[in-house]
Amino acid sequence: MFRSASLVAVPVPSSKGMDPLIRSKVLMVVKIPRKLIKWWKMFSSLEQHELMQKLGTLTSLLDITPRPDLVEAMLTYWDPQNLIFRFGECEMTPTLAEMSGLTRLSYIGKDMILPRDHSRTRFLSDLGLKDNKHLKCLEQSWISLDYLFSRFGPQESFDIFWDEFCTTKAKWQRRRLEAFSLALLGLLVFPLDERHISTCLQSVVMSLFLEKQRKIVTVVPMILVELYRALSEVRGGVRYFEGSNLLLQQWMIEHLHTTSLLCPINCALRDRVVCIECRMKSPKFTYPVGVTVWIEFLGLRTNGNVLWAYLWMISW
């Protein structure tokens, strides 16, 4: 349904000396766009807090190291018929509860947000922009990070592009948060090839920012559905992984940290995405590097060397 982030596709050599950030057959997010990180840092602490309320720990994806070699190795064990991974003696699959816990976004008793296509005029109007017939990309339902950042990133953007807006500066300040959320979701959570940001995600963003709507809807099922779809499509030959490979790697890594490997950082951090990333730097857990080594490692998983249930699930 969607296609964008930093993408690389080159043949996989032997795992020796392999750089996991670039040696991948499958196209996926391999680098966090610097402009997106720069945009995040432009917000005040209050604005960042508001974004975290809307997006949960999805904002923490800006700080993690993509591990495409792990995700590509996981694809070897994906069963698209039953929607499960079969690692050695283990069968497991991402669940709503796990995705909810990782993102700190609730889903129980809420309706699934459904993305909708928008006309060019409607999409621009929702962002407080005048119609622009020269934006041909909108006819293909995508927009670029450069376009959004230049108009909603720096504080002076409104004054620079004043003739493109049909809103006040006060309302534009609010639109900045929405535009950033659209970019983050479109680049790191529901990525497309060539860093295209799906304009269909605008309806998702609007639902998250409308107070009454936000209380009754959730993006968690959509995250899981897109993960399942991306896993199955890539196994079927599609080259673009259009689900969040970043969340998928965090989900897997957490299951590889058995109880004996968990450290005090678990108690200190409520943000599971950051917690898992910090723990990966601990000498207690030496993880493989390279697709081939990861495939072998995952194939040796048994009931005794995986964490079946996240220990923090009941506490978040």
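The values are calculated or read from the model by the stated rules, or taken from the named source; none is laboratory data. As the structure is a prediction and not an experimental result, all values here were calculated from the model. Every residue, glycine as well, gets a Cβ built from its backbone with ideal geometry; the counts of neighbours run over all protein chains shown.
Numbers for the structure displayed
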| read-out | value |
| --- | --- |
| Enumerated helices (runs of 4 or more DSSP H) restricted to the range 134-242, each holding at least 1 residues that are under 30 Å from Gly109 (Cβ atoms) and among the β-branched types (Val, Ile, Thr) | 202-209, 220-235 |
| Residues that are among the charged types (D, E, K, R), modelled with pLDDT of 95 or more and in a loop (DSSP other than H, G, I, E, B), drawn from the range 56-109 | none |
| The range 214-243, subset β-branched (Val, Ile, Thr) and more than 18 Å from the chain's Cα centre (by Cα), residue farthest from Trp142 (Cα to Cα) | Ile216 |
| Test set (1) hydrophobic (A, V, I, L, M, F, W, C); (2) closer than 26 Å to Asn303 by Cα; (3) surrounded by fewer than 17 Cβ atoms within 10 Å (Cβ to Cβ); (4) out of contact with any helix residue (DSSP H, G or I) (no Cβ under 6 Å at 6 or more places or on another chain) - Ile108 fails condition number | (2) |
| Out of Glu211, Glu164, Glu178, sole residue that is at pLDDT below 95 and over 14 Å from the mean Cα position of the chain (by Cα) | Glu211 |
| Ser45 vs. criteria among the small types (Gly, Ala, Ser) and within 18 Å of Gln173 (Cβ to Cβ) | yes |
